[in-house]
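*Asks:* Sharing a structure, written as structure tokens. Questions coming.
The values are calculated or read from the model by the stated rules, or taken from the named source; none is laboratory data. Worth saying up front: this structure is predicted, and the values here are computed from it rather than measured. Methodologically, a virtual Cβ is constructed for each residue, glycine included, from the backbone with ideal geometry; neighbour enumeration extends over all protein chains shown. All accessible areas refer to the heavy atoms of the entire protein, side chains included, with ligands and DNA or RNA removed. Shrake-Rupley method; radii C 1.70, N 1.55, O 1.52, S 1.80 Å.
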Amino acid sequence: MAFGAADQTVVPLSVELGTIPHRPPAAQNAGWRRLFNRASFHALNVRDGQQPFFTEIHDEAGHPLGGVSGVRDGDTFLSGYSAPFGGFDFLKDGETSENISRVVLESVRQIEAAGVHAIRLKLPPACYSRNEGMVQFTLLNAGFSVERCELNQHLPVADWQSTDDFVAGLRSPAQKTLRHLMTQDLQFQQVFDDERCDRVHELLAQNRIRKGRRFALSREYLAKARENLRPDVGMFELVHRDTPVAAALVYRVAPGRELVVAWGDAEHQLKRSPMILLAYRLVQRCLAEGVGVLDLGISNEPEARDAGGLEPNFGLVQFKRTLLARIEPRFTMVRVNR
């Protein structure tokens, strides 16, 4: 079964530079919780002594509006536990400001009423819904403070009617690189069997090692995630003459929203980096499957180097901007009551 909804059409990988029509996102799933807010995701990550905690807030007629999900550890609640973010989910992508305020404030009240003294919320960037700005406003005026601000970048796929629009927006050097790569024997494919998934994991792990970092997701963890979160975990590779040269791990976080959890290239003999072709193929998939946002994740150093806070990874920022990525802040907000 292809990554994403079971009934979606798979675009042949033989399609080259050309027009692929944009299809609007499929209807919202019956359940309103994003991938990182689901019980199945928490089950992969909670440790002994920790407990998943959910709120679900209703309107005056008893209809569900949304809520928040996270993990309670003693007297601390964290939304976005072992995840890039968590945050508030709503049944509607464009909920009314009154209902957003109701969900946020009532959720906070319920969490604190359960004996929690510290609430830490890793919020998604604004590209995940039209509700995020009002969520941030409500939290800040309810006594939350910004503990961490990260630099996030995403591709606005919904703005493009076809892959032609994406290519037209690239600068000339990027277009030339992409067209050159299209002449090479490079095949893009989603992988499903354990052997090839392990191959993708190894490529991503080695890519991190070359950069002096560690790939945080183990092979065993990803095997469990593929099983427990199917079909919302996708592994992809770009292959040159039967040898993988680039790969990506992508999560379908919400309807119409995908996150590139990790991507990178391998040691190869190609004259140019295959990463722009990998990005193109991922955009091609998004257009075919009605995904309006391709989140490329954060582009800052993972830790603060001094009291001045986090530093951008300027090279990574520029690479993503070359791909037409937009910048948004990604906030972690906290409130402590003693």
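*Asks:* Note the direction-averaged projected area, equal to a quarter of the hull surface, for the Cα convex hull of the range 155-227, in nm².
*Replies:* 7.5
*Asks:* When the accessible area of the range 106-231 is split by element with a 1.4 Å probe, what percent falls to carbon and sulfur?
*Replies:* C and S fraction of accessible area: 47 percent.
*Asks:* In deg cm²/dmol, rounded to 500, what helix-only [θ] at 222 nm does the chain give when every DSSP H run of at least 4 residues adds -39500 (n - 2.57) and the total is split over its residues?
*Replies:* The helix contribution divided over the chain gives -9000 deg cm²/dmol.
*Asks:* Now for a separate question. Roughly what % antiparallel, to the nearest 5, for the DSSP beta bridges in the chain?
*Replies:* Given both bridge residues lie in the chain, the antiparallel proportion sits at roughly 90 percent.
*Asks:* Another question about this same structure. Going by amide H atoms built from the backbone, whose H comes under 5 Å of the H on residue 148, apart from near neighbours?
*Replies:* The answer is 332.
*Asks:* Restricting to bridges with both residues inside the range 52-186, how much of the DSSP beta-bridge set is antiparallel, in percent to the nearest 5?
*Replies:* Close to 75 percent.
*Asks:* Sticking with this one: So what's the net charge close to residue 168: Lys and Arg +1, Asp and Glu -1, counting the other residues with Cβ under 14 Å from its Cβ?
*Replies:* 0
*Asks:* Could you please report the charge total around residue 57, scoring K, R as +1 and D, E as -1 over all other residues with beta-carbon less than 9 angstrom from its beta-carbon?
*Replies:* Result for the neighbourhood of residue 57: -2.
*Asks:* Here's something else I'd like to know. If we count every other residue with Cβ under 14 angstrom of residue 98's Cβ, Lys/Arg +1 and Asp/Glu -1, where does the sum land?
*Replies:* -2
*Asks:* Place the peptides 109-116, 279-286, 236-243 in order of packing, highest mean first, counting for every residue the other Cβ atoms within 10 Å and averaging per peptide.
*Replies:* Descending packing order for the listed peptides: 279-286, 236-243, 109-116.
*Asks:* Percent of alpha carbon pairs in the chain separated by more than 39 Å?
*Replies:* Roughly 14 percent, rounded to a whole number.
*Asks:* So, by mean Cβ neighbours within 10 angstrom, what's the order for 221-231, 168-178 with the highest one leading?
*Replies:* Listed from highest to lowest mean packing, they are 221-231, 168-178.
*Asks:* Let me ask another. Give me the accessible area per residue for the chain, probe 1.4 Å, as a whole number in Å².
*Replies:* 47
*Asks:* Under 5 Å between amide H atoms, partner at least 5 residues away or on a different chain: which partners does residue 325 have, H built in plane at 1.01 Å?
*Replies:* Residues meeting the amide H criterion: none.
*Asks:* Just 209, 327, 298 to compare: in a GNM of the chain, with alpha carbon springs under 10 Å, which one fluctuates most?
*Replies:* 209
*Asks:* Would you mind classifying the range 239-332 by shape? Square roots of the alpha carbon gyration tensor eigenvalues, ordered a ≥ b ≥ c; an a/c under 1.5 is rounded, otherwise it is prolate if a/b is larger than b/c and oblate if not.
*Replies:* Oblate, since a/c reaches 1.5 and b/c is not below a/b.
*Asks:* What Kirkwood hydrodynamic radius, in Å, does the range 224-289 give when the mean of 1/r is taken over all pairs of distinct Cα atoms and then inverted?
*Replies:* With all distinct Cα pairs of the range 224-289 included, I get 12.8 Å.
*Asks:* Where nothing but the Cβ of Lys and Arg (+1) and of Asp and Glu (-1) is charged, how large is the charge dipole of the chain around its Cα centre, in debye to the nearest 20?
*Replies:* Here the size comes out at about 740 debye.
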